[in-house]
Amino acid sequence: MANIESDTVEPVPPGILGTQGIDANGHAQDEESPLLQRPDIEPNLKPLTGVGTIIAVLLLGEFISNADATLVMAAAGRISSEFNRLRDASWLSTGYTLGLCAAQPMYGKLSDISGRKPMLLISYLLFAVGCIMRLFILQAPFLALAAALVIVKLNVTERPQPTSKGSKLAKVDFLGTALLGSSVIAMTTLVDQGGKSFPWSSWWTVLLASGGVSLLIAFVLVEAYVAREPIFNLRILRRTNVAIAYIIGALQITAQLGLMFSVPLYFQVTQRASTTAAGVHLIPAVVGNTLGGLLAGIFIRHTGQFKILLVLAGLVAGISYLLLYLRWDGHSGFWQSLFILPGGLGTGIAGASSFIAMSAMLPAEEIAMATAGYMLIVGFSMTAGVTTSNSVLGMEFQRQLRLNVHGPGSEEVIQRAMADTNYIAHLTGQLREIVVACYISGLRHTYLVSLGCSLLASFGGLFIARHQI
């Protein structure tokens, strides 16, 4: 090119005709050079939505979701008592988590088909309908604000799809989702109703157990050989740390959800607490979850180690369950309600650490599938924790009542006490003391179940492969 600071013109190198062989930067090109050079500096692309706005929308949605889950836990005992079905209180939480398990695997694929913004708005709409039907009006302002933020602020550019929506919809694994959900319902019904609605030695037990196992086997076969795009690729379980990370996360979630189900019931029965007051006692566990996740992230960031956290997490959570077993005797004060803080702390540490332990050993293209599987396991663990806790509580409570309540009308007392917390709240004198003591005995057995799950999770941490991040 001509040098603007000189009167002379540089000769064109041989083989270059005029300026056709010179690029925009003045470099010579030959036949092997690409016709269009990539610019040295990529153009600055202005995102349609700021990062702060996206985070605000996500945090608000997460707050609404977690608040709803906490509300379900806190209100389960009171709502079931109004129908004289206290022993079936877990089905309120179980129904909630079953819906979560069914929808979550398909949400990502449906978002790819219909767009993320429309699917998010549909989710808020369904959520609002459910709240309005059950008169959970308190969440309406938050839902309206969240939907407004999505409509006004969340501008997502959708990539053009090379295939039609119909062909992409055909790839969604509806069959696998239905089989998995049906299997969970069968097994949950068996665990929850066995020994109550039907004896363990009945045909119902055989039918539900065989049906649940058969449906689970069918799900595995569909995912392995039939589904075009399975909701969960079973081959990923062979990857280092994936299976054990799933197990650790599942055990910790099972332990904490059993705790969160039983804590409101404890205060409603022993202190005649309202639903709101009983729900407030769950706050330390939620705070512990947040602190645990943050502390785990900081530790891993500075040390690159996660195995030690997975071993310690179950031990930290176990402190809560041991304290509840030893100290919650029906006269717990405010400070004793903080005993559940280590349980949330340990679960938060285990959740963050197990996820990092899993993803750190995976190639980038498999992280999304592994994450989907992890979230699926978390949903099922929520169901397992609530159902197991309710079953253990119901069986031990009934056993203690039959051992300690005698005399005329004892059977009516037993049946009504097992069906309604309001009935227990209105008891007086020695009879109330006996019934409350029986209920506390049942709750203590649930703490032992949670303690066992946490210790098993801590033991599982020993099998995590070491990896320096």
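A short reminder: the numbers here are calculations on the coordinates, not readings from a lab. These figures come from a predicted structure and were not determined experimentally. Note: ideal-geometry Cβ built from the backbone for every residue, glycine included; neighbour counts use all protein chains shown.
Points worth noting:
- Mean Cβ count within 10 Å, highest first, over the residues of peptides 352-358, 230-236, 209-215, 264-270: 352-358, 264-270, 230-236, 209-215
- By average C-beta atoms within 10 angstrom, highest first, the peptides 329-339, 309-319, 291-301: 309-319, 291-301, 329-339
- In nm, spacing of pseudo-spin labels at GLN415 and LEU221 (7 Å Cα→C-beta vector): 4.5 nm
- The VAL206 and TRP335 beta-carbon pair, evaluated with R₀ = 45 Å, returns a calculated FRET efficiency of approximately 0.40.
- Each part gets one Cα centre, and for the range 283-341 versus the range 407-436 those centres are 34 Å apart.
- Relative protection proxy for 113-119, 202-208, 343-349, 376-382, from highest mean packing down: 343-349, 376-382, 113-119, 202-208 (other beta-carbon atoms within 10 angstrom).
- Pair SER274, PHE83: separation of 7 Å Cα→Cβ label points (nm): 2.4 nm
- Simple Cβ-charge dipole of the range 332-419, Lys/Arg +1 and Asp/Glu -1, about Cα centre, in debye nearest 20: 280 debye
- Sites ALA465 and ARG402 - FRET efficiency at Förster radius 45 Å, r taken between beta-carbons, to 0.05: 0.35
- Chain lengthening between ARG301 and GLU229 when straightened (0.36 nm per residue, less Cα-Cα): 22.5 nm
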